[in-house]
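What follows is one structure encoded as structure tokens, with my remarks underneath.
Please treat every number below as a calculation from the coordinates, not as lab data. Keep in mind the model is a prediction, meaning the values are calculated, not measured. Positions of Cβ are backbone-derived with ideal geometry, glycine not excepted, and every protein chain shown enters the neighbour counts.
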Amino acid sequence: MIAGPTTHSVISQRLRLRYVDWGNPEAPPLILLHGGRDHSRSWDWTAQALRDKWHVIAPDLRGHGDSDWSPSGDYGGLAMLYDLAQLIHQRNLAPVTIVAHSYGGNIALRYAGVYPENVQKLVAIEGLGPSPKMLAERLAKPIDERLRGWIDAKRGIAGRPPRRYPTLDEAFSRMKEENHHLSDEQARHLTIHGVSQNEDGTFSWKFDPYMRVFPPFDLAQEDVERLWSAITCPTLLIYGADSWASDPKTDGRAQHFKTARVVTYPNAGHWVHHDQFNQFIAELHAFL
């Protein structure tokens, strides 16, 4: 039987952020960074496949898993970027290899652009954020309209309690509904580690509901692209053919990377590392 990880934490911006450590501290460090509304244990299969050769660390982002929620509900990119920088700094992990998904990939790519000397290799699974088309549509709205929408959305979340599922099986069914590529084993594992039981016996997802509301503005896109172009380590950008995400090879974003290769997986959605795990792990081993 494979032993599970141990639990640790760091402090960042007055929040206690939890991470799991899969052991092997003498090996090179590797961070597994999950995406929005996910958690560190989403990486368990990947961590088990890598732990023999790597010192694998998987954090829970602020407002996720067992990490603290932000009192202000701030889950913007700058706050997350600082949290990642603090984990690497406090645990002396640089130079580090990073494998990241979705929002975690977005943060990891920015970190690698800010501190290119600190990242050995980088894998971002659908981590470039909204497509150029989506960004253009968003920025076409006047700033006052975007700010009003953001305020209304946060106010709506504040007035709506987290959804409660009467049984674990009902939460499991919601997980399967969200990603039809998942096996029952995968979905149950993700559900068990992704919920907390309420005092009345019901279950709710661990992530802060404010994670559903993103700030009305971000870094300017030209600044994000400048960070991408500053990355010097070998970089792998992974996409699922069945995903909503736009392929950077066809939408032009790949041109901003000096060292990146884009791989698209058939029969995979947004969670490529779950949907095509064996193919993903084989590619990851070869890349690393």
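The table below gives the values:
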| read-out | value |
| --- | --- |
| Label-point gap, in nm, between THR250 and HIS180 - each point 7 angstrom along Cα→Cβ | 2.0 |
| Most mobile listed residue (THR235, THR97, THR264) in the chain, GNM with C-alpha springs under 10 Å | THR264 |
| Diffusion constant of the stretch 154-273 at 4 °C, which comes from Stokes-Einstein with the Kirkwood Cα-pair radius and 1.567 mPa s, µm²/s | 74 |
| Relative exposure of VAL99, VAL195, judged by other C-beta atoms within 10 Å (fewest first) | VAL195, VAL99 |
| Compactness of the stretch 214-288, expressed as Rg and Dmax over alpha-carbon positions, Å | 13.8, 39 |
| Of the GluC sites (Glu not before Pro) in the stretch 158-205, those whose Cβ has at most 16 other Cβ within 10 Å and which sit in DSSP loop | GLU199 |
| Loop-located trypsin sites (Lys or Arg not before Pro) in the stretch 198-272 whose Cβ has at most 14 other Cβ within 10 Å (DSSP) | LYS258 |
| Most positive-pole-ward Cα, GLN279, SER70, ALA245, against dipole of the chain from beta carbon charges | SER70 |
| q = 0.09, 0.15 Å⁻¹: log10 I(q)/I(0) that the Debye formula gives for the chain, counting C-alpha atoms only | -0.42, -1.28 |
| Charge dipole (debye, nearest 20) of the stretch 1-78; +1 at Cβ of Lys and Arg, -1 at Cβ of Asp and Glu | 100 |
| Local net charge near LEU182, Cβ-Cβ under 11 Å (Lys/Arg +1, Asp/Glu -1) | -3 |
| Ranked ILE98, ILE192, criterion: other C-beta atoms within 10 Å, fewest first | ILE192, ILE98 |
| Residue order, fewest to most surrounding Cβ atoms within 10 angstrom, among HIS64, HIS39, HIS55 | HIS55, HIS39, HIS64 |
| The stretch 93-199: translational diffusion in µm²/s, Stokes-Einstein, Kirkwood Rh over Cα pairs, 20 °C, 1.002 mPa s | 122 |
| Expected 222 nm ellipticity per residue - DSSP helices of 4 or more, -39500 (n - 2.57), all of the chain, to 500 | -11000 deg cm²/dmol |
| Net length gained if the chain between ASP200 and PHE217 were fully extended (0.36 nm per residue, minus Cα distance) | 2.3 nm |
| Test item: Cα-centred dipole of the chain, Lys/Arg +1 and Asp/Glu -1 on Cβ, debye | 460 |
| Bridge type composition, the chain - antiparallel percent by DSSP, nearest 5 | 40 |
| Among GLY35, GLY105, GLY159: highest mean-square fluctuation, GNM of the chain, C-alpha pairs under 10 Å | GLY159 |
| Residue with peak Gaussian network fluctuation, the chain [Cα springs, cutoff 10 Å], from ALA158, ALA112, ALA94 | ALA158 |
| Extension gain, SER72 back to HIS8 (0.36 nm per residue minus Cα-Cα distance, nm) | 20.6 nm |
| Residue list for the stretch 42-69, given a label point 7 angstrom along the Cα-to-Cβ vector of ARG16 and an amide N cut-off under 18 Å | 59-69 |
